[in-house]
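Notes follow once the structure below has been shown.
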2 protein chains.
Amino acid sequence: MNRTASIKDVANHASVAVGTVSNVLNYPDRVSQRTKDRVLKAIDELGFVRNDAARQLRAGHSRTIGLIVLDVGNPFFTSVVRAAEDAAALHGSAVLLGDSGHDAGREANYIDLFQEQRVQGLLISPVGDVTERLDLLRERGVPTVLVDRLADEAKFSSVAVDDDAGGYLAARHLLDTGRRRLAFVGGPTSIRQVADRLQGAQRAVKEEADATLEVLESEGQTVLAGRSVGNMLVERGRENLPDGIFCANDLLALGVMQSLTMTHTYRIPDDVALIGYDDIDFAVSAVVPLSSIRQPTEALGRTAIELLAEEVESQNPTHRAVVFTPELVVRQSTGTSSAG
Amino acid sequence: MNRTASIKDVANHASVAVGTVSNVLNYPDRVSQRTKDRVLKAIDELGFVRNDAARQLRAGHSRTIGLIVLDVGNPFFTSVVRAAEDAAALHGSAVLLGDSGHDAGREANYIDLFQEQRVQGLLISPVGDVTERLDLLRERGVPTVLVDRLADEAKFSSVAVDDDAGGYLAARHLLDTGRRRLAFVGGPTSIRQVADRLQGAQRAVKEEADATLEVLESEGQTVLAGRSVGNMLVERGRENLPDGIFCANDLLALGVMQSLTMTHTYRIPDDVALIGYDDIDFAVSAVVPLSSIRQPTEALGRTAIELLAEEVESQNPTHRAVVFTPELVVRQSTGTSSAG
DNA sequence: TCGTACCAATGAAACGATTCAAACTTTGGC
DNA sequence: GCCAAAGTTTGAATCGTTTCATTGGTACGA
């Protein structure tokens, strides 16, 4: 077999017109059972596969949606992607995935590629400030939904998670379990997520007259950064130790946990309660299973697709910004002091 | 602006023929500087973006390569993807990424989608046994390279990593640092990777007359599975403890490490050396930085693209199977007994 | 028997690029 | 000033679908 079969080959083989073959594929109800059978048989025998380029060219629109994330390795995005794919499948669309890796150049490449492919629309978790590029997309009429980033509602729809609420949730949980001398670990605070989570925590702490919140700025958001903050706490000694620690993400929390438990100086949660953020897979299998704040990633992905579908279907551009509230996951690291 | 500009609009706007616009885009050398400038200006003013569907339809082939992996969340695949994207970019192609999530249905959907898109070729890390489906692809003339899976060289090219060599490397390292009573942790051994790594380890142990290798089968490849094996070891007591442990992956090793160090009964590497496999990000930030076997994921991704390019360019199907040897990464967990 | 619906099937036109033979223009040698 | 060669530009044909006005056939009621 030399060339892949075309719809014309199928038509000849089944002794029908090309339009009929097309109808079998797109509007089966318009075709009688008898000819439908013949055509399907011919398709099977010739191994015909629809040429999407031709279909798209004629139909004027594709069946694909572009999705550009900052890092496919990040479980947060992995989960969003999975949900988006499933939701898109329900709409009969497929997702083309691009990984910008926080690199503006790669992101630009993907935007160009997806434009050339004439995707139905674009879901993007943008690198830094790309207002100009996104404005261009808007002018070109490519419906776009921002993921994990709030947008000017006059211009774009967006889905995001309320980090302030997440911070509040974490701190409130520590307070509810009787902790009063809290510490926040995270940094740099120039990162919006970190700042918002801190702000939420502060809001919760203000509700309790006798509660305090100390901010321990970390150098980055890694296990090692967490461990060095933890080591510092160990050195400060027992009387200066907070009784509840909220870390801006789980990696930091795992690092802090390593420092505090490695030396066997302190016990979690008896001496100090610990809560992280993101609920990564490792949280549950830490030495002391880690309480955390879980982001509704499936809902994010699903809703992003739905917002995009809205934009695609309706002509007049009414944008919506959907904000989700994260969820508290309680594990042993913030259990009520069990040692008694 | 209603409709996106076509090449014809550009031609009108610049007062040239459509063929000239096409030449500007594809063969700039054939066009004089003067008209090139005029055309580029028109392209800019109209915001023209090439319609890839039309180009592909006429040109007969696309500029995209399909890549289907088992799990984008797995750092192994993330790294392969990244390398493949970069290598493809050098060839002027873009990678469309599909995540089968170990699900044959999703995999089939992506294969269909990519066929309809008429990708240049397919890189796939297949779910289970898909010989039939892949044979179909071969008949249809879609060049295919298997990733992380050896293939019948008469049919497909493939890239893979030599797990036997990796197992040998790990065990040999333990032996070289003076350990003699080794243990292998992993399971189920029905997984090819696990079996091969074990086999390699056994080969190394046979080289030393006084060395032994005990197999501790785990239930899965998770931190928790590792921890339960570790707890079992702790209970066995010091005299029955191996002095070197090789885990089939890093998660298991981290679990074993938790058990052994949590109780402060044993010290790593003084009482027992520990080495994992995969060199995940967490390995370096474990309580005791974990030695591991690193797979050459970048080389895998790059080579897969190159093999595919070979198949696309040459007509006669000569397939190659490229096998890479993994690399030993020494960290503290197998350091020579420093406590002395 | 005729007229009217209705249902199926037809096939030419269109989508927007690339390709390529042909037409046109410029250059340089004599 | 003429001619050939080299360099540019042209525009019709083509890729494989979808779309849709039109045709052919059948059934039913008058």
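The values are calculated or read from the model by the stated rules, or taken from the named source; none is laboratory data. This one's a predicted model, so the numbers in the text were calculated from it and none came from an experiment. Neighbour counts are summed over all protein chains in view; Cβ atoms, including those assigned to glycine, are modelled from backbone coordinates with ideal geometry. The area values use the complete protein model at the heavy-atom level, side chains included, leaving out ligands, DNA and RNA. Shrake-Rupley method; radii C 1.70, N 1.55, O 1.52, S 1.80 Å.
Taking the Cα centre of the protein assembly as shown as reference, the dipole from Cβ charges on Lys and Arg (+1) and Asp and Glu (-1) amounts to some 1820 debye. Summary for B:A108: label point 7 Å along Cα→Cβ; distances to the equivalent points in the other copies, ascending, 4.3 nm. Sorted from closest to farthest, the other copies place their B:L90 label points 4.3 nm away, with each point set 7 Å from Cα along Cα→Cβ. For A:D44 and A:A89, the FRET efficiency from 1/(1 + (r/R0)^6), where r spans their Cβ atoms and R0 equals 25 Å, is about 0.55. Largest mean-square fluctuation among A:L57, A:L150, A:L182, in a Gaussian network model of chain A whose springs join Cα atoms under 10 Å apart, belongs to A:L57. Largest mean-square fluctuation among A:V127, A:V18, A:V322, in a Gaussian network model of chain A whose springs join Cα atoms under 10 Å apart, belongs to A:V18. For segment A:70-138, the alpha carbon positions stretch 32, 27, 16 Å along the principal axes, listed from largest to smallest. Cα gyration tensor of segment B:186-268, axes a ≥ b ≥ c as square roots of the eigenvalues: rounded (a/c below 1.5), prolate (a/b > b/c) or oblate? Oblate is the answer for segment B:186-268, as a/c is 1.5 or above yet b/c matches or exceeds a/b. For segment B:1-44, backbone nitrogen atoms closer than 12 Å to the point 7 Å from A:R140 Cα along Cα-to-C-beta are found at B:4-5, B:44. Shortest first, A:E310 label-point distances to identical copies amount to 5.2 nm, with the label point at 7 Å from Cα along Cα→Cβ. Placing +1 on the Cβ of every Lys and Arg and -1 on the Cβ of every Asp and Glu, with nothing else charged, gives chain B a dipole about its Cα centre of roughly 1220 debye.
Suppose every Lys and Arg Cβ carries +1 and every Asp and Glu Cβ carries -1, with no other charges. What dipole size does segment A:133-239 come out with about its Cα centre, to the nearest 20 debye?
180 debye
Here's how it looks for B:G98: its modeled amide H is under 5 Å from those of B:L67, B:I68, B:V69, which are all 5 or more places away or on a different chain.
Based on the alpha-carbon gyration tensor of segment A:62-213 and its eigenvalue square roots a ≥ b ≥ c, which shape applies: rounded if a/c is under 1.5, prolate if not and a/b is larger than b/c, or oblate? Judged from the Cα gyration tensor, segment A:62-213 comes out prolate (a/c at least 1.5, a/b above b/c).
Think of segment A:7-50 as having a plus end and a minus end, set by charges on the Cβ of Lys, Arg, Asp and Glu; of A:L40, A:G19, A:I7, A:G19 sits farthest toward the positive end of this dipole. Per-peptide packing, taken as the mean over residues of other Cβ atoms within 10 Å, places A:255-267, B:281-293 in the sequence B:281-293, A:255-267 from highest down. Per residue, the convex hull around the alpha carbon atoms of segment A:227-340 comes to 113 Å³.
Each principal axis of the Cα cloud of segment A:1-114 was taken in turn, and the coordinate range along them, longest first, works out to 54, 28, 27 Å. Placing a label point 7 Å from the Cα of B:R320 along the Cα-to-Cβ direction, the residues of segment B:130-165 whose backbone N falls under 19 Å of that point are B:143-162. On the basis of the beta-carbon distance and an R0 of 51 Å, A:H61 and B:V215 show a calculated FRET efficiency of 0.35.
Could the peptides A:75-88, A:305-318 be put in order, highest first, of the mean number of other beta-carbon atoms found within 10 Å of their residues?
Packing order, densest peptide first, comes out as A:75-88, A:305-318.
For the residue pairs A:K8/B:K8; B:K8/B:K36; A:K8/A:K41, the alpha carbons lie more than 18 Å apart in A:K8/B:K8. Using C-alpha pairs below 8 Å separated by at least 6 residues, the relative contact order for segment A:7-50 is 43 percent.
Within 10 Å of the Cβ of each residue in B:52-63, the mean number of Cβ atoms contributed by other protein chains is 5. For chain B, the longest principal axis of the Cα atoms and the long axis of helix B:163-176 meet at an angle of about 40 degrees.
Within 10 Å of the Cβ of each residue in A:90-99, the mean number of Cβ atoms contributed by other protein chains is 4. Take each residue in B:73-82, count the other chain C-beta atoms within 10 Å of its C-beta, and the mean is 3.
Averaging the Cα positions of each part gives two centres, and for segment A:127-178 and segment B:273-340 these lie 37 Å apart. Scattering from chain B was approximated by placing one identical point on each alpha carbon and applying the Debye formula without solvent; log10 I(q)/I(0) at 0.10, 0.11, 0.12 1/Å stands at -0.70, -0.79, -0.87. Taking all protein chains into account, the per residue accessible area for segment A:24-117 stands at 45 Å² (1.4 Å probe). Quick one: Debye curve from the C-alpha atoms of the protein assembly as shown, no solvent, what's log10 I(q)/I(0) at q = 0.05, 0.06, 0.11 Å⁻¹? Listed by q, the Debye log ratios stand at -0.30, -0.43, -1.20. Our coupling estimate for segment A:11-20, obtained by passing each phi through the Karplus curve with A = 6.51, B = -1.76, C = 1.60 and θ = phi - 60°, is 4, 4, 4, 9, 6, 9, 8, 4, x, 5 Hz, Gly and Pro reported as x. Estimated at 0.36 nm per residue, the fully extended path between B:S190 and B:V312 surpasses their Cα-Cα distance by 40.4 nm.
Its relative contact order, with pairs defined as Cα atoms under 8 Å and 6+ residues apart, puts chain A at 17 percent.
Distances between placed amide hydrogens fall under 5 Å for A:L274 paired with A:I245, A:T334, all partners being 5 or more residues away or on another chain. Rounded to the nearest whole angstrom, the semi-axes of the ellipsoid equivalent to segment A:7-50, taken from the Cα gyration tensor as √(5λ), stand at 14, 10, 9, largest first. Helix B:75-90 and the longest principal axis of the C-alpha atoms of chain B enclose an angle of approximately 30°.
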